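Everything on this sheet refers to the single structure shown next.
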């Protein structure tokens, strides 16, 4: 199977490149923290009410941070036309999609791992619950699956920073809705049982949006 | 030739529908006269869904066959779909005001329609921001495919969160005979209207394309 | 130096028939019938917009043709793209190299992508070949255009391709870098087929076996180098590119 070594090579290349500049991670982290802080200013509520809106705030921060991170995914491939270099390699176009998606997944999970404790601090909520972590993981996979293909598309339009959020946010709205509901349940102490319907939506989304973009990605980057 | 048949057919059906909606069918005893908008709201929602389905299929066919005709079909259908989605929101609003007292409410169906509206707006934004024709058609097809696949999931997620919307009366069998008949005629009328608009818009799109290629030929 | 027209029993590295590419209403290439013998070197000339880059990209399987077929070493490109790509090396206008990574890391990445065996050793070899061994751990962003081109060449040669494609490799290089580049290509030759596009007759003629002139997407002229000299080629080029009323 020549597929996975190539995919991992692409993902590793992205991670290595990012480790050099730390461009994506730093800007996305700062942005996410800013979103959290602004929400705190905007909604000056009593602590118990803050708890009500906390899951929503968290996922707004993740969604916008996600857009920022995903926007960066294909920019390095535009410089020096590296995407063409990848297309000339003896591997299917789908490998580029999966490789880039894995790279973005890594970055997003890293950012989320830092944001969650900050969120816990600002909102006085215990976040180290397995339920919340699983929800975050599953939802992020969905974000990245859709965001990667849209990022490849947006980078080829005349207003890439504008096009990606407009495409991305409505499409992933089911994830955001389900993640907020599930997070609220998790933070409220409900066990796995109460979260099943929301988790199944996120899971169904993940499966569908790993398959469909996989099939359609070659059409986005072809010339 | 075909548009004329469609024009005749839709005119007939629309007149029949209007007659049935405003004269034939009795007023609903629970919600009053405003309930009649149901006979527009439901067909309009059906047509929007049909339109986006056509965009989905036309997009796939384009990617396989690369015939620009299919891109024209996809784009024309999406345009009609967007207009009809706007109509869903408007008719929904008109109903909401007297019945629930507000112009807008974040209930499941309306919110899903809003998200649908945003998805297909993004379809046109992508088209607007890509200069090359071939690439535009390809990208639009991709957005049309991903967007349509998302529609059921959006509906599911939102419906699970909130429901203030009157439940699907049709499927519960709670519709009186005359109401059902009116609804079906109305659906048929709007479908005919959709096909008419689609045929006209496709012809327009083909003419646009021809003019563009003539202009380019003159430039060379 | 083999020439394509010499023997019909010579195997063809590349063969196109009726190759065409259109972008919307614009026909970038049309009716391209090309035969390139294995081991030979072909130079493609033509004014800007003639379709040289499009041709190279299609041969590299980066771009899909809208009509016609391409056979690479007897295999249809459309159906065997992945297999064929492992035999192709490409040096393009842009370097295809990542600015944040070092020369070594860039080459390591591409070595993995091409499934090169004994990666470390081979990377060392190509770096040696292009004379960039001392700067292998420096970031690409610190390199001059000439040095980047050299690493790009190393990238193209990593997997020992049997066909090397170069799209205007001379752009932005000074005389020294240019002769260094052609030197490297010849040194590592071993029966490789080379196809390159060029604007310079003086530099191209000494190194190629066959010449093709593209004009507005069509092959306007093709000839073996042994039947040409610099002046006749220049004259032919003038004729082809000034022909009015096509």
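In table form, for the structure just shown:
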{"item": "Mean-position separation - Cα centroids, segment A:1-75 and segment C:173-246, in angstrom", "result": "51"}
{"item": "Inter-site label distance for residue B:103 and residue A:161 at 7 Å from Cα along Cβ, in nm", "result": "3.2"}
{"item": "For segment A:1-56, fraction of C-alpha pairs farther apart than 16 Å, in %", "result": "63"}
{"item": "Cα-Cα pairs of segment B:13-66 separated by more than 14 Å (percent)", "result": "67"}
{"item": "Beta bridge orientation in the protein assembly as shown: antiparallel %, DSSP, nearest 5", "result": "60"}
{"item": "Rounded, prolate or oblate (a/c below 1.5 giving rounded, otherwise prolate when a/b exceeds b/c) for segment C:107-240 by Cα gyration tensor", "result": "prolate"}
{"item": "Proxy reagent accessibility, fewest Cβ within 10 Å first, across C:192, A:158, C:78", "result": "A:158, C:78, C:192"}
{"item": "Using a Förster distance of 30 Å, the FRET efficiency for residue C:117-residue A:114 (Cβ separation, nearest 0.05)", "result": "0.15"}
{"item": "For segment C:81-199, share of DSSP beta bridges that run antiparallel, in % to the nearest 5", "result": "10"}
{"item": "10 Å Cβ neighbours from other chains, averaged over peptide B:125-131", "result": "5"}
{"item": "Sorted largest first, extent of the protein assembly as shown alpha carbons per principal axis (Å)", "result": "97, 69, 39"}
{"item": "Angle in degrees between helix C:230-242 and the longest Cα principal axis of chain C, rounded to the nearest 10", "result": "70"}
{"item": "Dimensions (Å) - chain A, Cα atoms, principal axes, largest first", "result": "57, 34, 28"}
{"item": "Normalised per residue, the volume of the convex hull around the Cα set of segment C:187-246 (Å³)", "result": "95"}
{"item": "Neighbour-count ranking [beta-carbon atoms within 10 angstrom, fewest first] of C:26, C:137", "result": "C:137, C:26"}
{"item": "Estimated FRET transfer efficiency (residue B:217, residue C:80; beta-carbon r; R0 41 Å; 0.05)", "result": "0.65"}
{"item": "Normalised convex hull volume, chain B, alpha-carbon set, Å³ per residue", "result": "136"}
{"item": "Ranked B:75, A:17, criterion: other C-beta atoms within 10 Å, fewest first", "result": "A:17, B:75"}
{"item": "Projected area, mean over directions - chain C, Cα convex hull, nm²", "result": "13.6"}
{"item": "Estimated [θ] at 222 nm from DSSP helical runs (n ≥ 4, -39500 (n - 2.57)) normalised by residues in the protein assembly as shown, nearest 500", "result": "-21500 deg cm²/dmol"}
{"item": "FRET efficiency, 1/(1 + (r/R0)^6) with R0 25 Å, evaluated for residue A:215 and residue A:75 via beta carbons", "result": "0.55"}
{"item": "Ranked by how many other beta carbons lie within 10 Å on average, peptides B:36-46, A:93-103 from highest", "result": "A:93-103, B:36-46"}
{"item": "Nitroxide proxy distance, nm - points 7 Å out along Cα→Cβ at residue A:200 and residue C:26", "result": "5.3"}
{"item": "C-alpha long axis of helix B:177-219 to longest principal axis of chain B, angle in °", "result": "20"}
{"item": "Along principal axes, Cα extents of segment A:105-207, largest first, whole Å", "result": "46, 29, 20"}
{"item": "Within a Gaussian network of chain B (alpha carbon springs, distance under 10 Å), most fluctuating of B:144, B:101, B:59", "result": "B:101"}
{"item": "In degrees, nearest ten, helix A:160-171 long axis to first principal axis of chain A (Cα)", "result": "60"}
{"item": "Segment A:3-221 - percent relative contact order, Cα under 8 Å, separation 6 or more", "result": "27"}
{"item": "From the C-alpha gyration tensor of segment C:17-103, square roots of 5λ in Å", "result": "22, 18, 14"}
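Every number here is computed from the coordinates shown, using simple stated rules; none is lab data. The structure displayed is predicted, hence computed values, not measured ones. Glycine gets a Cβ as well: all are built from the backbone with ideal geometry, and neighbour counts include every protein chain shown.
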